[in-house]
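The values are calculated or read from the model by the stated rules, or taken from the named source; none is laboratory data. This is a predicted model, so every value here is computed, not measured. Every residue, glycine as well, gets a Cβ built from its backbone with ideal geometry; the counts of neighbours run over all protein chains shown. Ligands, DNA and RNA are stripped out before the accessible areas are found, and what is left, the full protein with its side chains, is counted by its heavy atoms. Shrake-Rupley method; radii C 1.70, N 1.55, O 1.52, S 1.80 Å.
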Amino acid sequence: MEANTTDKKSSWLKSGWWLILLVAAGLAAPYVISEFYLLILGEALIMSLFALSFNLLFGHMGQLPFGQAAFYGLGGYGIAMLLTKYQMNFWLSFVAGIGLAALAGLIIGIFCVRLRGIYFSILTLAFGQLIFVIIYKWHDFTGGDDGIQGVFPPEFLKTSVSYYYFVLLVFCIAAFILWRITHSPFGYILKAMRENSERTEFLGVPIARYQLIAFVISAAFAGLAGALWAPFYRSVAPSTLIWIKSGEPVMATILGGAGLFFGPVLGTFIITFFHAYILGFTHFWPIIMGTLILIVIFFLPGGVLGFIKEKLDNRKKRGQQS
Amino acid sequence: MILETKKLVKEFGKLLATNNVSFSVNKGDIHAIIGPNGAGKSTFFNLITGYHIPDSGKVFFKGKEITKLPSYRRCRLGITRSFQITSIYPKLTVYESILMALLSRHRVTLNLFSSADKYFREEVWSILEDVGLADQAHVNGDSISHGDKKRLELAVTLGTKPELLLLDEPTCGMSPEETESIMAMIKNLVDKKGLTILFTEHDMGVVFGIARRISVLHQGSMIADGTPEEVRASEEVQKVYLGGAA
């Protein structure tokens, strides 16, 4: 047992080095890459946070939500409407956007967590589309398909570099919180429910209530991603809530690997940067994306990060044997 | 008396799965429920653990009515179960599986920010020692032998510190040696930890070898209830079930 704990510590340190390196790269990015790619990087971070919120339910709890864009969009609409229609303080609007997403998550979650598997996915999809239609059709209040323009961050965050640092900071804090949650007793119980919910209920765990808590947390983080996005893009549109948007974290997570905490982040980075790069010379992006997903599903069932980890583990084992 | 049922009835469509069953289990007993296939043993189990709610009748645990409580609440009161088809966590390690039970019992599962790895290490290891799985602590649940899976499931249920443990066919699919060792383990648990065990079993050797009290179900009704000797002597039981075998 002693050996095991020290082993764990050293492996944490190893993965810790990677993280420090990545954060350092993130801090240095504005001095290294062009403004265009800095914007893409900001987008990738926001989308990564969105994908992490999705994977709390999918990878960790074992339920696939397909209406996650509703919470993302509500976060964005919350901050955008409070800022532009009611001239509220930026930070209050930011928090209110997250709160709105969490509240919607609570109401929708109450209905969804009773269901399992495909029924859960379909009901989240239905609720997601319901919210989309309300915002899309309620032109007088939400701006309908025009969306809302002029969503500005406070003065000191107006340059692309300063807002990028703001996004990086929020992403790091949010990812750290989510990481802690997945490694907490609560996170363990989510895993137990994923593996065998019947067994877990007979350990004295009220399954539906715990799924609801996870659902609300997930919605809040999706809302946080949306609230970061609106001032980044200076506007929101109904397309942020539509079901296609809900599919993005699904793709990213499958591509990167649902079984590992940072899988969705890697998947999102691959998709976002690949997308930006490919669009430079062709419009046939969906074909390339589809091919990529097919390759991953057939040849790398653990996702790209899962594949890398497997290779590294194998190498370590061989190193120990020789 | 730790468990008591009064006139329990459960129907599935036209099938009367549990027909007016009243019985009780004494604290510290090893109590077997036997009966031919389709006698209603599983349904009866499910009524006690809260998987099904009876159409009429009542269930009492330590004098408190629990007829309509959900399973997780019954578990918190001290009733838990194993399943006929071994129910474990395939992709969690043996260690983690037992930790889950302890996290739940100690009610720390709403803790969102502390590291779960730090909790209850000694207690997990002591349970691992008790059931003889310590050397496989870091192996995934689906990679251990069938007998060990049964053992693991038992260990996980023990993690909730039950007072009444329901075992559904605890030796199902086991080799004779595995059966013997798990029965010895169960007996040990009752003697050392004051557990009460209610179990179903098709292997009459096991039943008569370990049970101190036996109830016989037939077509949803309880046709006999008593010590092994009394049940063995019952003519009705002989007729419907034991045949010449016992």
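With solvent modelled as a 1.4 Å probe, how much accessible area in total do chains A and B shield from it at their shared surface, in Å² to the nearest 100?
Buried: approximately 3200 Å² between B and A.
Report the Stokes-Einstein translational diffusion coefficient (µm² s⁻¹, integer) for segment A:113-153, Rh taken as the Kirkwood radius over Cα pairs, at 20 °C with viscosity 1.002 mPa s.
178 µm²/s
When ligands, DNA and RNA are left out and all protein chains stay put, how many square angstrom of accessible area per residue does segment B:145-246 have with a 1.4 Å probe?
Values: 4280 Å² over 102 residues.
Roughly 42 Å² per residue, with all protein chains present.
How many Å³ per residue does the convex hull of the Cα positions in segment A:88-135 occupy?
74 Å³
Probe radius 1.4 Å, ligands and nucleic acids left out: which of B:218, B:31, A:283 has the largest accessible area, and how do the rest follow?
A:283, B:218, B:31
Mind running the shape call on chain A? Use the C-alpha gyration tensor, a ≥ b ≥ c as the square roots of the eigenvalues: rounded below 1.5 for a/c, prolate if a/b tops b/c, oblate otherwise.
The shape class here is oblate.
Can you tell me the Rg and the Dmax, both Å, for the Cα atoms in segment A:180-280?
Rg and Dmax of segment A:180-280, Cα atoms, are 16.8, 55 Å.
Is there a pair in B:6/B:149; B:41/B:91; A:311/B:118 whose C-alpha atoms are over 32 Å apart, and which pairs would that be?
Violating the 32 Å limit, Cα to Cα: B:6/B:149.
Note down the accessible area of residue A:95, probe 1.4 Å, to the nearest 10 Å².
90 Å²
What number, rounded to the nearest 500 deg cm²/dmol, is the helix-based mean residue ellipticity at 222 nm of chain B, given -39500 (n - 2.57) per DSSP H run of at least four residues and division by all its residues?
Working: 8 runs with 84 residues, N = 246.
The helix-only estimate for chain B comes to -10000 deg cm²/dmol at 222 nm.
Report, in cubic angstrom per residue, the convex hull volume of the C-alpha atoms of chain B. It would help to have the intermediate numbers written out before the result.
Details: hull volume 31.6 nm³, N = 246.
Once divided by residue count, the hull of chain B is 129 Å³.
Exactly which chymotrypsin sites (Phe, Trp or Tyr not before Pro) in segment A:246-310 are in a DSSP loop and have at most 13 other Cβ atoms within 10 Å?
Loop-located and lightly packed - A:281, A:284.
Using a 1.4 Å probe on the protein chains only, how many percent of the accessible area of chain A belongs to carbon and sulfur?
Whole-percent figure for carbon plus sulfur exposure: 72.
Considering only protein heavy atoms, with the full assembly of protein chains and a 1.4 angstrom probe, order B:235, B:4 by accessible area, largest first. Don't skip to the end; give the middle numbers.
Details: B:235 155, B:4 55 Å².
Highest to lowest solvent-accessible surface, that is B:235, B:4.
Relative contact order of chain B, please, whole-number percent, based on alpha carbon pairs below 8 angstrom and at least 6 residues apart.
Result for chain B is 28 percent.
Percent relative contact order of chain A, based on C-alpha pairs within less than 8 angstrom and at least six residues apart?
Relative CO of chain A lands at 30 percent.
Using the Kirkwood radius over Cα pairs, work out the Stokes-Einstein diffusion coefficient for the protein assembly as shown at 4 °C and 1.567 mPa s, in µm²/s as a whole number. Before the final figure, lay out each step's value.
On the way: Rh = 26.6 Å.
Using the Kirkwood radius from Cα pairs, D works out to 49 µm²/s.
Which percent of the accessible area of segment B:5-141 is formed by carbon and sulfur heavy atoms (probe 1.4 angstrom)?
Details: 2990 of 5890 Å².
Accessible surface attributable to carbon and sulfur in segment B:5-141 totals 51 percent.
When ligands, DNA and RNA are left out and all protein chains stay put, how many square angstrom of accessible area per residue does segment A:181-239 have with a 1.4 Å probe?
22 Å²
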